[in-house]
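Only one structure is covered here, and it is reproduced in the block below.
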Amino acid sequence: MTGGLVENLETASVASEADLNREAYRKLLDDLFERRRAARVGGPDAARRKHRERGKLLARERIDVLIDPGSPFLELADLAGEGLYEGVPPGAGLITGVGTIAGRSCMIIANDATVKGGTYFGMTCRKHVRAQRFAWDNRLPCITLVDSGGAFLPDQANIFPDEGLFGSIFHNQVGMSADGIPQIAVVLGACTAGGAYIPALCDEVVIVRGQGFMYLGGPQLVQAATGELTDAEALGGATMHSRVSGVTDHLAENDAHALSITRRLVAELPASARPRRTQAAPAPALHPAERIYEIVSRDARKPTDTRAILKCMLDAGELQEFKAEYGNTLITGFGRINGHQVGILANAGVLFTESALKATHFINLCCQRDVPLLFLADVSGFMVGREAEAGGIAKAGAKFITAMSSASVPKYTIIVGGSYGAGYLAMCGRAFRPTAMFMWPNGRAAIMGPEQAATTLALVRRQIAERNGQEWTAEVEKAFKDPIRREYETFANAYNFARNLWVDGVIEPAETRDVMTLLLDIASRTPRRETRFGVFRM
Ligand code: COA
C-alpha cells in the first residue's frame, strides 16, 4: 500500500519534470519558427512588389515550381547572416537546399533579387560555396537560379580577396565539373560582372527573353570604360546570347517556361546511382519524436538522458550497442533510421580515456563496414586532472580524433545539448568537415562553458592583480566575471552558430529523423570512399 503511494508520487514528479521540459522547449520552438518566418519573407515589401510587377516569380516560388509537386525541400543555412547586415533578412539573399527535380535529388542555389538586388555579401559567398561543397560530397547536380547584381560592393574585403569567397565559387564549379557533377544555370534576371561567370562555367544555361541579362560590365560601366553607348538588351540580353554569342543554350519566355525547361534538362541527366547499402524495411521509432521535448533537460546543469533520446530517433528504438559495459560516458552502436544503417556515437558524460578508445575502435569498425557515422554531441569535454593525464588521456583523445578525422564514410553531426572544447572537436566539429552538421535549438557550443571561462580568466587576472599589489575583492571578481559569462552564453547560442554558418542549420528535434533519412538516402548513392587512417599514437 505504502509502496504504491511512493510509486505514484514518483510517477507524478517524473510527469511534471517532463511537462516542465516540454513547456521550456515549446518556447525554443516558437523562437525557431519566428526566425524561420523572417527568413522566408525575403526582401522588403516594396522590393517584392517591384519584382512581381516585372512578371517574375519570387525566389521561393521559383523553387516550388522547379521541384516535384509535394516533394520536400531540405533548406540549408536558412539563418546564415541573420542580423549581420543592416536591412538584410536571415539567409544573406541566397536560398540553398536539396530538392527533388524529375525524381532526382539536386542542390538548388537561388538568388533572392528582392534582397539588395540579389547581391553577394561575404556570407552569401560562403553560403554558396558551402552549398557547392555539400553537392560535391553528395554528388548532387547543382541548379543555380541566377538573379543577382554580383558583389555587394561595400563588402569587398569579405567577398573578393580570400579563399572560400566569391572566387571559390568558380574554383568549385571547375572542380565539380571535372568530377562529373552536372551544373545547370537559369538566368532569370541580372547576372553582372564576376557573377556572369557562374552560368558561363555551367554545363547548360537557360535564359529568359527580355528579363535575363548577362554581362561582364553593364551599360554604365561600358560607357565609362570605352565610351560606347548601349543598352542592357543589346549588351547582354537573352536573344543576343542565345543567337550570337553562344553564351546561353536555351531561350525561355518567362520564369515558368525556364523552370520547365530546367526540369526537362535534369530529367535527361544520366540516372543517379542506385543505393549501395542494403536498406532494411523502415520502422517507426519506439516513441514519437515529440517525446524528445520531455527528455531534453531544460536546465543546462542537469544532464539529458541520451539513451532515451535514441529511443525516439532510431527505428523501433533499437540500438545494437557496442561495448555497452565499457567507457560508458560515450554510447556507441548500430541503429537504423527509416531503414538506413548508421553508426551512432552519443555522449553520456565527460570523455575519459576508455570512452575515447571505444570511439576509436567503433569508428574503425564503421569504416571497415562502410557504415555512415552519426555524432550526437552533448559533451562538456575530455576529463582533466592528474589521474586523467597520467592515464594518457591526451593520446586516447588523439586516437579518437585521428579515427574521426580520417574516416571517409559520410559523417553527420548534430549538437543536441552543450558541446564544448576538444569534446566539440572530437564529436566531429565543423573543422572535420562533416557531410552535414546541425544544432537543435537548445544546442550550445564554445571553447568552454560560461562559468569555466569566467573562472579561468578571473584566476589569471587575480594572480596578476596580486603580483601588482592590487586588491582583488569579491565585488571586483563579480564585476569581472559577469560580462565574460554573458559573452560566452551569447556566443554558444545555436543561432550564433547558424548565423555564422558554423553549422548547416538549426533543426527541430522532431524533424531530425526526416532530415537524416534524406541525407542518408543521398549519401547511399555516392561511391564508397576507402579510409586511410593517420598514425595512431599508442
Ligand atoms: N553593390 C551594393 N549594392 C547594390 C549593388 C551592388 N553591386 N547592386 C544593387 N545594390 C543595391 C541598391 O543600392 C539597392 O539598395 P537599397 O535597397 O538599399 O536601395 C538595392 O540593391 C536594389 O537595387 P535596385 O537597383 O533598386 O534594384 P533593381 O532590381 O532595379 O536592379 C540590379 C538590380 C542588380 C540589376 C542593379 O542594382 C544593378 O545593376 N546593380 C549594379 C550591379 C553591378 O554593377 N555589380 C558589379 C558587381 S562586381
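Rounded to the nearest Hz, the phi-derived 3J(HN,Hα) couplings of segment 199-205 under the Karplus curve 6.51 cos²θ - 1.76 cosθ + 1.60 (θ = phi - 60°) are x, 4, 8, 8, 5, 9, 10, where x marks glycine and proline. Close amide H partners of Ala285, meaning residues 5 or more places away or on another chain with modelled amide H under 5 Å apart, are Ala316.
If I compute solvent accessible area with a 1.4 Å probe over the protein chains, what percent of it on the chain is carbon and sulfur? It is 54 percent, rounded to a whole number. Loop sites only, by DSSP: take the trypsin sites (Lys or Arg not before Pro) in the chain that have at most 13 other C-beta atoms within 10 Å and name the longest stretch containing none of them. The reported range is 302-527. Here the sum of -39500 (n - 2.57) over DSSP H runs of 4 or more residues, divided by the residues of the chain, equals -13000 deg cm²/dmol at 222 nm, to the nearest 500. Per-residue Karplus couplings for segment 260-269, computed as 6.51 cos²θ - 1.76 cosθ + 1.60 with θ equal to phi - 60°, are listed in order as 6, 4, 4, 4, 5, 4, 5, 4, 8, 5 Hz, Gly and Pro entered as x. Taking 8 Å as the Cα distance limit and 6 or more residues as the minimum spacing, I'd like the relative contact order of segment 45-267 as a percentage. It comes to 16 percent, rounded to a whole number.
Its relative contact order, with pairs defined as Cα atoms under 8 Å and 6+ residues apart, puts the chain at 12 percent. In this rough spin-label picture, where each label sits 7 Å from Cα along the Cβ direction, the Leu29-Arg54 distance is 3.9 nm. Ordering Thr96, Ala157, Ile67 by Cα displacement along the dipole of segment 57-179 toward the positive end leaves Ile67 in first place; charges were set at the Cβ atoms of Lys, Arg (+1) and Asp, Glu (-1). Multiplying the residue separation of Ala283 and Val65 by 0.36 nm and subtracting their alpha-carbon distance yields 75.3 nm. In this label model, Gln220 and Leu365 are separated by 6.4 nm, measuring between points 7 Å along each Cα→Cβ vector.
Need one number: the % of Cα-Cα pairs in segment 45-267 sitting beyond the 34 Å mark. Tail of P(r) above 34 Å: 7 percent of Cα pairs. If you take all other residues with their beta carbon under 13 Å from the beta carbon of Ala280, and give Lys and Arg +1 and Asp and Glu -1, the sum is 0. Beta-bridge orientation, the chain: approximately 40 percent antiparallel, per DSSP, counting only bridges with both partners inside.
Modelled spin-label separation between Arg433 and Glu228, with each label point placed 7 Å from Cα along the Cα-to-Cβ direction: 4.2 nm.
Close amide H contacts of Ala80 (hydrogens built in the peptide plane, cut-off under 5 Å, sequence separation of 5 or more or a different chain): Gly91. At a Förster radius of 60 Å, what calculated FRET efficiency corresponds to the Cβ-Cβ distance of Ala390 and Ala256, to the nearest 0.05? Here the calculated transfer efficiency is 0.30.
Spatial offset of segment 459-502 relative to segment 243-317 amounts to 40 Å, using the alpha carbon center of each. The residues packed around Tyr488, meaning those with a beta-carbon under 12 Å from its beta-carbon, carry a net charge of 0 if Lys and Arg are +1 and Asp and Glu are -1. Against the chain, whose longest principal axis comes from its Cα atoms, helix 512-523 is set at around 60 degrees.
Working from the alpha-carbon coordinates of segment 156-276, get Rg over Rh, Rh being the Kirkwood radius. Dividing the radius of gyration by the Kirkwood radius yields 1.03.
Per residue, the chain exposes an accessible area of 46 Å² to a 1.4 Å probe, with every protein chain left in place.
Applying Stokes-Einstein at 20 °C and 1.002 mPa s to the Kirkwood radius of segment 359-462, computed over alpha-carbon pairs, gives a translational diffusion coefficient of 146 µm² s⁻¹.
Between amide H atoms placed 1.01 Å from N, distances below 5 Å from Gly217 occur with Ala193, all of them 5 or more places distant or on a separate chain.
Largest first and in whole Å, the equivalent-ellipsoid semi-axes of the chain read 45, 28, 23, each the square root of five times a Cα gyration tensor eigenvalue. Rounded to the nearest whole Hz, the Karplus-based 3J(HN,Hα) values (6.51 cos²θ - 1.76 cosθ + 1.60, θ = phi - 60°) of segment 432-447 follow the sequence 9, 6, x, 4, 8, 9, 10, 10, 7, x, 8, x, 9, 8, 6, 4, with x at glycine and proline.
The values are calculated or read from the model by the stated rules, or taken from the named source; none is laboratory data. A quick note: this is a predicted structure, and the numbers were derived from the prediction, not measured. Virtual Cβ from ideal backbone geometry, glycine too; neighbours counted across all protein chains shown. Surface areas here come from the heavy atoms of the whole protein model, side chains and all, with no ligands, DNA or RNA. Shrake-Rupley method; radii C 1.70, N 1.55, O 1.52, S 1.80 Å.
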